[in-house]
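Accompanying notes for the structure given below.
No lab work stands behind these numbers, since they all come straight from the coordinates. For clarity, every value in this text was computed on a predicted model and none was experimentally measured. Here the Cβ is made from the backbone with ideal geometry for all residues, glycine too, and neighbour counts use every protein chain on show.
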Amino acid sequence: MRKGILKGCAVVTLVAVFGTGCATMQANPKTTIGAVGGGTVGGLIAAAAGGNPAAIAASVIGGMLLGGLVGNLLDERDKRLASEAAYRAMESTPTGKPVAWQNPDSGHSGTVTPTKTYQSANGTYCRDYQATVLIDGKQERATGTACRQPDGNWQIANS
Amino acid sequence: MRQSLLGALMVAMALVVFAGSAGAQSPTQPDWKESFRLHDRNHDGRIDRAEFQDWMTDAFYFRDSNHKGYLVQSDLQGTLSPEVFKAMNRKGDGKLTMKEYLNALFRDFDAIDVNGDGSITIEEIEAYIQRSGK
């Protein structure tokens, strides 16, 4: 089990811009597994399916963000809707404005809100965000940072 | 004269936050006062220096076509004359960095903040625009 967690952490570190997310994830193995599965697998599936770069980026960020937040509680359509919302929030929504998603089939919903925009020393744009998910009347909340890569992909910097 | 031009820039930048974000979602005219309120995080009716920097950084991000990390003259077309762009671009390389941009805008902030309390209000911005003849 320990070996599995460390392996997962390495994958996350490759995806992340900074390594800070790894320590957090190590402290919560269940979250680590959810985040790795949602983030990297989502992007690979989109790539294999011939998705455009924006769709791949949306899949990666949404999967990472929500995978770490609620693990396997979301179905595929939830994840897709949340991914699209996450991408719109990061790419084209001003700070403080929530982007909402809702899946009428599952009854699940959520929001992604950019909370701060800044530029790193190398010119990369990063944005802090707050994400919420409402599942069966219970709200989960997470905050983190995502940074925009040259290919348009947004990668989670921490969680 | 310089203050006047930068004042126009500040308002233009503020508008961009909404213009860029609204996309296809809303055809309504962007409102810088709405943008002001959105970035007034503690809802005290004032924008302090930290809030101002966050606001203007957001604007920079949305103005930066292709998100290349800096602004060129065409990114600011319709909001800024080439002369003012040149004045702000201290290095003279045609690439306006975040630092150059914020330096110019904080001079605006200081001019708006006439009572020197380290924060600005909607009324102070309006008075500044009026003073600047805009």
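Magnitude of the charge dipole for the range B:28-134, about its Cα centre and with charges confined to Cβ atoms of Lys, Arg (+1) and Asp, Glu (-1), is about 520 debye.
If you take all other residues with their beta carbon under 13 Å from the beta carbon of B:K91, and give Lys and Arg +1 and Asp and Glu -1, the sum is +2. Normalised by residue count, the range B:47-134 yields a Cα convex hull volume of 100 Å³ per residue. Annotation: average projected area of the range A:65-151 is 5.7 square nanometres, based on the convex hull of Cα atoms across all directions. The aspartates and glutamates within cross-link reach of B:K68, meaning a Cα-to-Cα straight distance under 16 Å and a gap of 8 or more places when in the same chain, are A:E91, A:D151, B:D58, B:D93, B:E100. Pairs with C-alpha atoms separated by more than 30 Å, drawn from the list A:K116/B:K33; A:K97/B:K91; A:K97/B:K86; A:K97/A:K138; A:K79/B:K95, are A:K97/B:K91; A:K97/B:K86; A:K79/B:K95.
Electrostatic tally near A:V112: other residues with Cβ closer than 12 Å to its Cβ, Lys and Arg +1, Asp and Glu -1, net +1. Per residue of peptide A:121-127, the mean number of Cβ atoms on other chains within 10 Å of the residue Cβ is 3. Placing pseudo-labels 7 Å out from each Cα toward the beta carbon at A:N122 and B:D110 gives an inter-label distance of 3.4 nm.
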